[in-house]
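Below is one structure, written out as structure tokens, with a few remarks after it.
Read the figures in this text as sums done on the coordinates, not as results from a lab. Every value quoted in this text rests on a predicted model; they were computed, and no experiment measured them. So basically every Cβ, Gly included, is an ideal-geometry build from the backbone, and we count neighbours across all protein chains shown.
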Amino acid sequence: MARSRFLTLAATATLFGAAACNLDNSNGPNAFLSDLAFSSAPAGLDLVSSSYASTDSSGMPWGGPRRGPGGGPGMGGFMGGGLGDAFIGNAAPGRGPHGGPFGIRIDASCVFAAGTGDLTCGPTVKNGLTVTSIYTIKNAAGTAQSAIDSLTTNSVRVRTAVTGTATRSRDGSVTATVNNSGDRTVTGLAAGSTQRTVNGTSQGNETATGTNRDGKTFTSVRTAADTTTGLVIPVSATAQTYPTAGSVTRRMKVIMTIDGTSSTRERREVITYDGTASAKLQITENGTTKNCTVALPRGRPSCS
């Protein structure tokens, strides 16, 4: 991030670097319950620019482990609530900076600083989480702009920080401290562009304590991160499109304690786009790796 108050991803990269080679760190008799924690992203991660699907949770933390069937996304789905629409070919069509996949709209209340060329939005508060975003808007010549111009804006970088304490009470009682950040740049937004390129990183941390709907007391630490590299996606005024190049690497780690026993689970997903209608997906969870494909658009993982 360009501002010192924004989080960096260095710590997250260190945390997950070793896990890329060996994720078999699961332990404890309650380990299978931790898999449920992969079904959603940390609270407030949908408020930053990431590959994790947006949810209707209103920034609420995970409700904790529970009895009953189900154990997370498994090898037939994406973790963290799913893959964002634009990454799977499910974004609405459109051209220009406001429309199409990875299109951007910015609130008119944001403040432009000519000295830095940045547009600052917030802070605002949502369910106890403080959100601040900084946008850098440029035309094709690289000149900073004070607002998005529907004809000439070609690139937008957005850096977002989300911090605070989130609560959940509808199916248990949970309180979580949240520390998230995202940094994404989209180029090729000008009205005449035929494709866009996306690069970015995000990370989220949710440390929760509470009682789940079964009355069990638990603590959990859920960490998520992703890196989008050289993602290229065509744009069309009339048809949905999907990425044709680039990759997305996603990682989650869960440390959970229930009934005095701790367990750790980790998962890594790497999606690679090669210009065909089938993306390659590699899932590694707790030492087991599967090679999968994802039909584009809007397909689910199919693993061998």
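Label-to-label distance, K290 versus A141, with points set 7 angstrom from Cα along the beta-carbon direction: 5.3 nm.
Length available on full extension from R298 to T211: 0.36 nm per residue minus the Cα-Cα distance, which gives 27.7 nm.
First measure r as the distance between the Cβ atoms of D274 and S54, then evaluate 1/(1 + (r/R0)^6) with R0 = 30 Å and state the FRET efficiency to the nearest 0.05.
Efficiency at R0 = 30 Å is approximately 0.70.
Peptide packing: for 237-245, 42-50, the average count of neighbouring Cβ atoms within 10 Å per residue gives the ranking 42-50, 237-245, highest mean first. Evaluated at q = 0.19 Å⁻¹, a Debye calculation over the C-alpha positions of the stretch 153-304 (equal weights, vacuum) places log10 I(q)/I(0) at -1.16. Given a cut-off of 28 Å, name the pairs among K216/K280; K138/K280; K216/K253 whose C-alpha atoms lie farther apart than that in the structure shown. As for pairs spanning more than 28 Å Cα to Cα, those are K216/K280; K138/K280. Once the Cβ-Cβ distance of A191 and N90 is raised to the sixth power relative to R0 = 22 Å, the FRET efficiency obtained is 0.45. Only Cα pairs under 8 Å and 6+ residues apart enter the sum, and on that basis the relative contact order of the stretch 113-206 stands at 22 percent.
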